[in-house]
Amino acid sequence: MKVLIIIPAYNEAENLPNLFKDLDKVSQDFDGTLDVLVVNDCSKDNTQAVCKDYGVKTVNLTVNLGIGGAVQTGYRYALYNKYDVAIQIDGDGQHDPQFIPYLVERIKAGNHLCIGSRFIENEGFQSSKVRRLGIRYFSFLICFLTGTRITDPTSGYRACSKEVIRLFAKDYPKDYPEPETVVTVLRNKLKVIEMPVIMKAREGGKSSITNLKGVYYMIKVTLAIMIATIS
């Protein structure tokens, strides 16, 4: 099983070293090939130097594409290099790599997209109250429009099969992509499941989603999801 870990990173130099160390521990007992790719989205800090110091394969974008463009770059790399599974992990230290083998097992069992959810067993960092309300809203909206209940539709911790890699390499939303891409996979009649994971609070740096951006996020993603269900 050939697996690629895709880490989109923008100014995550403070968080990447611990993530690399945890990934290295997982790779030592992994049954198959586990490669790591950082997509450095034109960071202004030492992200590129940190990746070089740890010997991690990196795509250094020359312009800032945003989360969607960075992640799609990773999926295109996975498609071109014929990976069986691609796993997306945030560069901020919130996603614990110990769950990678379990995500891979779900894909090997015949599922197409497996999302790591913090809300199945409600352990670990649960995000802020305001964000939890937003997550519940998107969960309701996706269930209402598709009939599939996803407890954590904004989770960026996810494993994708070859079919989904191909789908995401071809087309991927520019920003706030997670809920919309869940609908896209469902609309293509592919199987989406969740599994419980434990997430951690951001170790360093700041989230790019401010209160003002949060309002834009809710409106933009709502419209995108509705369009995706009828397109």
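Go through the residues of segment 161-176 one by one and say whether even a single one is at positive phi and touching a helix residue (DSSP H, G or I) at 6+ places or on another chain (Cβ under 8 Å). The answer is yes; a qualifying residue exists. Of the residues making up segment 70-80, not a single one is in contact with a Ser or Thr (Cβ under 7 Å, 6 or more places away or on another chain), touching a residue at least 12 places away in the same chain (Cβ under 8 Å) and either closer than 28 Å to Lys108 by Cβ or open to solvent by less than 30 Å² (accessible area, probe 1.4 Å) (or both). Given the condition more than 25 Å from Glu180 (Cβ to Cβ), in a helix (DSSP H, G or I) and open to solvent by less than 70 Å² (accessible area, probe 1.4 Å), answer yes or no: does some residue in segment 42-49 qualify? Yes, that holds for at least one residue. Of Val38, Val56, all but one fail to be over 17 Å from Tyr157 (Cβ atoms) and modelled with pLDDT of 95 or more; the exception is Val56.
Only residues that are modelled with pLDDT of 90 or more and either exposed (fewer than 15 other Cβ atoms within 10 Å of the Cβ) or of a type in the set (A, V, I, L, M) (or both) were counted across segment 111-147, and they come to 12. Is it the case that Asn11 is more than 18 Å from Ala159 (Cα to Cα), in contact (Cβ under 8 Å) with a residue 40 or more places away in the chain and surrounded by fewer than 22 Cβ atoms within 10 Å (Cβ to Cβ)? Yes. Within segment 163-173, does at least one residue satisfy the condition of being at pLDDT below 95, open to solvent by less than 10 Å² (accessible area, probe 1.4 Å) and either aliphatic (A, V, I, L, M) or closer than 28 Å to Asn81 by Cα (or both)? No. If you go through segment 176-191 and keep only what is touching a residue at least 12 places away in the same chain (Cβ under 8 Å) and open to solvent by 10 Å² or more (accessible area, probe 1.4 Å), you end up with Tyr176, Glu178, Glu180, Thr184, Leu186, Arg187, Asn188, Leu190, Lys191.
The values are calculated or read from the model by the stated rules, or taken from the named source; none is laboratory data. Since the structure is predicted, the reported quantities are computational estimates derived from the model, not experimental observations. Every residue, glycine among them, receives a Cβ derived from its backbone with ideal geometry; neighbour counts consider all protein chains shown. SASA here: full protein model, heavy atoms, side chains in, ligands and nucleic acids out. Shrake-Rupley method; radii C 1.70, N 1.55, O 1.52, S 1.80 Å.
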